[in-house]
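Derivation of every value follows stated rules applied to the coordinates shown; laboratory data play no part. Owing to the predicted nature of the structure, the values given are computational and were not obtained by experimental measurement. Cβ sites come from the backbone with ideal geometry, for glycine too, and all protein chains shown count toward neighbours.
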Amino acid sequence: MLRGFIIMLSNREKHDEICSWMPMTNDEVPSNSVDETYGSCALMCDFEPRVLRVSGMRIYTSGDVEAVNGTDVRLKCTFQSSSPINANAIVISWSFRPLKPGREESVFHYQQRPYPPPDGIFRKRVKWAGDVMGCDASIIIEQVKFTYNGTYICQVKNPPDVHGTVGEIRLRVVTTASFSELLLLAVAVGGGIAAVVLLLVVILSCRRCKMRARGQREGSEEAPRKERKDPTAW
């Protein structure tokens with residue numbers, strides 16, 4: 001008991017030495033209590049070192065995604081690690097949380113090679129679309145159904161960088177595409193048709209110019225021939 005009290009006093013003396021340079025304000029009243037003095041000093045001077053822990057693994061996803069029933073959708077997930085990428089040790093896992101209350105279901109797993117789900121609602125529906133060395137952990141879900149509505153969770157571990165946030169994507173499967181998607185599709189189709197028409201116009205114009213130039217050359221070559229006279233004719 002006495003030994004513990006001596007050690008405690010020794011620590012407090014060291015603490016007082018560290019905090020001794022700090023001036024006291026007019027509002028501070030000296031206390032005769034050792035515990036109160038130690039506590040007030042501890043509030044003014046925190047001598048214990050603190051380590052700022054920064055999450056090494058960062059996950060980036062596309063957030064909300066909308067897909068038409070029966071089409072394929074790409075769930076984009078990229079990551080940034082504080083450690084060099086180790087293709088033999090990195091682990092990528094995708095899970096699914098439905099809208100209705102229920103358990104999470106495994107969607108995809110990657111460890112040295114892709115492991116699609118052997119059973120469940122995603123069997124033969126998930127395809128690897130990422131690049132480990134390119135920090136891409138994306139997947140493609142083929143022929144989405146309304147039961148696929150929910151949240152998809154992307155998690156990446158690159159030892160020793162195994163701590164960090166996870167990425168989430170909220171997928172909404174709809175019957176038809178939204179107006180914005182239809183507008184983008186119309187613009188893309190219209191732009192493609194306009195480009196093809198413009199290319200055909202340029203080709204036809206070039207051919208017409210070549211034919212006109214050829215006709216002018218042939219006409220200029222025939223004119224001197226007509227002007228020539230036969231020396232035997234009278």
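Compared with the direct C-alpha span, the chain from Tyr115 to Val166 gains 16.4 nm at full extension, assuming 0.36 nm per residue. Pairs to check: Lys100/Lys157; Lys76/Lys157; Lys124/Lys145. Give those whose C-alpha atoms are more than 22 Å from each other in this structure. Violating the 22 Å limit, Cα to Cα: Lys100/Lys157. For Leu199 and Asp64, the FRET efficiency from 1/(1 + (r/R0)^6), where r spans their Cβ atoms and R0 equals 45 Å, is about 0.75. If the chain linking Thr147 and Gln80 were pulled fully straight, counting 0.36 nm for each residue of separation and taking away their Cα-Cα distance, it would gain 21.0 nm.
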